[in-house]
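See below for the structure under consideration.
Here, each number is a calculation from the coordinates, and none is a lab measurement. Keep in mind it's a predicted model, so treat the numbers as computed, not measured. With ideal geometry, Cβ positions are generated from the backbone for all residues, glycine too; neighbour counts draw on all protein chains shown.
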Amino acid sequence: MEAFTTHTGRAVPLRRSNVDTDQIIPAHWLKKVTRDGFEDGLFEAWRRDPEFVLNRPERAGATVLIAGPDFGTGSSREHAVWALQNYGFKAVISSRFADIFRGNSLKNGLLTVILDQAVVERLWEVVEADPGAEVTVDLVERVVRAPGVETSFELDENSRQRLLEGLDDISLTLRHEDEIAAHEAGRPSHKPRTLVP
Amino acid sequence: MGRTLAEKVWDDHVVRRAEGEPDLLYIDLHLLHEVTSPQAFDGLRKSGRRVRRTDLTIATEDHNTPTIDIDKPIADPVSRIQLETLRKNCAEFGVRLHPLGDREQGVVHVVGPQLGLTQPGTTVVCGDSHTSTHGAFGALAFGIGTSQVEHVLATQTLPMAPFRTMAVTVRGELPADVTAKDLILAIIARIGTGGGQGYVIEYRGEAIEKLSMEARMTICNMSIEAGARAGMIAPDETTFAYLRGRDHAPTGADWDAAVEYWRTLRTDDDAVFDHEVVIEAAELAPFVTWGTNPGQGVPLSAAVPDPASFADPSERLAAEKALEYMGLSAGQPLRDIAVDTVFVGSCTNGRIEDLRSAAEVLRGRRVADGVRMLVVPGSVRVALQAVEEGLDKVFTEAGAEWRHAGCSMCLGMNPDQLKPGERSASTSNRNFEGRQGKGGRTHLVSPQVAAATAVTGHLASPADLSDLTSVPTPAGV
């Protein structure tokens, strides 16, 4: 995983709540067997509308998405995270994320930042008034900065360290292989098995 | 202090607990399908890792599979490649696979329980959000992303952040015309699509205890639509009776030991939930959605709500956008809404009981002219059982299409899709924009409401059918 320390970029205000993962990447894109090439599928249905915020020329090259509450609900598809990253987003800000989406994002180095809805509203106003306004998401200091806005955010220390160092979860877990083996030795024999010996 | 059911199952699976780290949980059962696994197997290959426990892993094909002409090559080359990729990966890594055409193939969340692999007190994961289904057995079951799929394949464990506990208690008895689907839609409307976020929900109370395993699976299946990590129901005699004798259920002394353990899987009387919701069963009625998220639901007897009636500004905006997308206006009675398509199936309502109840409504009746009805059994076993009971005949004689098992129109990854502007009554779980096909409009309903809707051509419950001859269909339909 690529490390995330701090990022500064222009933002896209997405004034919608309950942006489900079917909107982020529709199901027909899920047939691909790679982790890349999803950028054209990002918000595919909404992007057919030339006025959709992502299509506005002033939003080209923006890297921070500021969305309404309950972002990433629905399907567990990690493709939603890959699509956002393939498109160029480095961070997503919302007052509430669906659990699975958030877990997926942090495992891929896409920083999901939870801020109060009132702060999200202020950020929307700032970046709508000035599309060139830059938003900084600083994971080292756990702070989001934009013109006239500076606010701290929470992220558990374990996730933060993994992101800052770009650590691979599987390698970390395999350091404890002896503990896994010990647990396995104590599992009762009535537990299900998919293969009959 | 006592512990909740969820906490007991969690505690029994902690491999490692350390200050400042998430608990490392052991995973008893890992279910795989073609859509969310290819990149995970790729990851294993790149790092030279193997599947740690092939004996705790099983795969099936469901999302992409066609429901007609399954003996012919799959027409969509991209779908075909994805299925072939799963077959190659399972062969290479030694994972048991039930491919299209196999007797055990079907929607992954129907296959696990019917094989008896889903058992009380187990941890179950799958790269699919509806893994919550398996919580109906008192398992702790949650959907995961592809990175986590790779993690489980390699280590049979997952580092998991702690959860909060929520009790949803359904008091009293459900009215005769209210199904598990109506109940869960009403629960989601009450707590909201984000209301369960961070929680494992335990469904309890008299109404829940009386439900069959199939109905309990419908309830737990849609926990994710309330944003919950998982949904659970304490195992009881109904659970044990369902499991006994199934292919992978324990036998002999193991069965006795298992049941003894399973009986301990109840929330202690002095356990405290972080949040509690109480639902009065008697107040419920058949429930349908009008909007584009599963929380936007009302009783079938109600009207489409006015967005202005929502106090919360983002809910109001969401309602406005939903009505625009759905082509509905505030105040329109739900019963006046005409549909083009009826879909019965999915991991929510594709089990034998669901097909039986839809068939019961359709028996001796006809699907309305101009309405297409698809019946897609959740698995090959469900299909075979339905054929044995003659249900397929009931469907086809009514004018419905009897299809092969799979996810089908629930998400339209195969050719079963709505066309732009088409409207469905669907027994599936998500009414998101475009979920069943670009521009398609979805109303989530129970199998009974789906069948009655197919007969009348507009949203209806079986109760509407008895007086069909004496009451003209509503104006404007």
Could you pull out the pairs from B:K181/B:K393; A:K31/B:K438; B:K181/B:K210; B:K181/B:K321; A:K90/B:K438 whose alpha carbons sit more than 18 Å apart here?
B:K181/B:K393; B:K181/B:K321; A:K90/B:K438
Run the simple label-point estimate for A:D130 and B:V387 please: 7 Å along Cα→C-beta, distance reported in nm.
6.9
Cα Rg, Dmax (largest Cα-Cα span) when computed across the range B:5-275, Å
18.7, 58
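Using helices alone, what [θ] at 222 nm do you get for chain B, with -39,500 (n - 2.57) per DSSP H run of 4 or more residues, divided over all residues and rounded to the nearest 500?
Details: 16 runs with 149 residues, N = 477.
For chain B, the value works out to -9000 deg cm²/dmol.
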So what's the net charge close to B:V445: Lys and Arg +1, Asp and Glu -1, counting the other residues with Cβ under 10 Å from its Cβ?
0
Mind checking the dipole of the range B:312-367: about its Cα centre, +1 per Lys or Arg Cβ, -1 per Asp or Glu Cβ, Debye to the nearest 20?
400
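Between rounded, prolate and oblate, where does the range A:6-182 land on the alpha carbon gyration tensor, with a ≥ b ≥ c its root eigenvalues, rounded for a/c under 1.5, else prolate if a/b exceeds b/c?
Values: a/c = 2.06, a/b = 1.29, b/c = 1.60.
Oblate, since a/c reaches 1.5 and b/c is not below a/b.
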If you take every residue apart from B:P66 with its C-beta less than 14 Å away from the C-beta of B:P66, what net charge results, scoring Lys and Arg +1 and Asp and Glu -1?
-4
Given N residues in the protein assembly as shown, what is Rg(Cα) / (2.2 N^0.38 Å)?
0.91
With springs only between Cα atoms under 10 Å apart, run a GNM on chain A and tell me which of A:S159, A:S171, A:S95 wobbles the most.
A:S171
Averaged across the residues of A:75-86, what count of C-beta atoms belonging to other chains lies within 10 Å of each residue's C-beta?
5
A:E177-B:R80 pseudo-label distance in nm [points 7 Å out on the Cα-to-Cβ vector]:
4.1
Neighbours of B:L140 by Cβ distance under 11 Å: Lys/Arg at +1, Asp/Glu at -1, summed charge -3
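What fraction of the DSSP beta bridges in the range A:91-152 is antiparallel, stated in percent and rounded to the nearest 5? If you can, show how the numbers build up before the last one.
On the way: 7 of 11 bridges.
Antiparallel bridges: around 65 percent, rounded to the nearest 5.
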Give me the dipole magnitude in Debye, nearest 20, for the protein assembly as shown about the Cα centre, with unit charges on the beta carbon: positive for Lys and Arg, negative for Asp and Glu.
1280
Charge dipole of chain B built from unit charges on the beta carbon (Lys, Arg +1; Asp, Glu -1), centred at mean Cα; most positive-end Cα among B:P313, B:F93, B:I191 is B:F93
For the range A:6-182, the dipole about the Cα centre with charges only on Cβ (Lys and Arg +1, Asp and Glu -1), to the nearest 20 debye, works out at 460
If you count the DSSP beta bridges with both ends in the protein assembly as shown, what percent of them are antiparallel, to the nearest 5?
30
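GluC sites (Glu not before Pro), restricted to the range A:1-58: which are DSSP loop and have at most 16 other Cβ atoms within 10 Å?
Working: sites: A:E2, A:E39, A:E44, A:E51, A:E58; in loops: A:E2, A:E51.
Filter output for the range A:1-58: A:E2, A:E51.
Using Cα-Cα distances under 8 Å and only pairs 6 or more residues apart, what relative contact order does the range B:148-301 have, in percent? Mind dumping the intermediate values first?
Numbers: 244 pairs, mean separation 53.9, N = 154.
Over the range B:148-301, the number comes to 35 percent.
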Cα centroid distance between the range B:239-295 and the range B:403-436, in Å?
28
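Report the antiparallel proportion of the DSSP beta bridges in chain B as a percent, rounded to a multiple of 5.
Values: 13 of 54 bridges.
Close to 25 percent.
Please give me, ordered by residue number, the trypsin sites (Lys or Arg not before Pro) of the range B:32-93 that lie in loop per DSSP and have at most 13 other Cβ atoms within 10 Å.
Those that pass, being in a loop and sparsely packed, are B:R50.
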Positive-end extreme of charge dipole, chain B - chosen from B:Q39, B:T146, B:V168 (charges on Cβ):
B:Q39
Chain A - mean residue ellipticity at 222 nm from DSSP helices (-39,500 (n - 2.57) per run, n ≥ 4, rounded to 500)
-8500 deg cm²/dmol
Cα lying deepest toward the dipole's positive end in the range A:6-182, options A:L54, A:L167, A:S105, charges on Cβ:
A:L54
The alpha-carbon center of the range A:1-19 and that of the range A:136-197 are separated, in whole Å, by 21
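Longest span of chain A, sites excluded, free of trypsin sites (Lys or Arg not before Pro) in DSSP loop with at most 11 other C-beta atoms within 10 Å? Mind dumping the intermediate values first?
On the way: sites that count: A:R48, A:R175.
Between exposed loop sites, the widest span is A:49-174.
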Could you give the distance between the Cα centres of the range B:347-388 and the range B:36-114, to the whole Å?
26
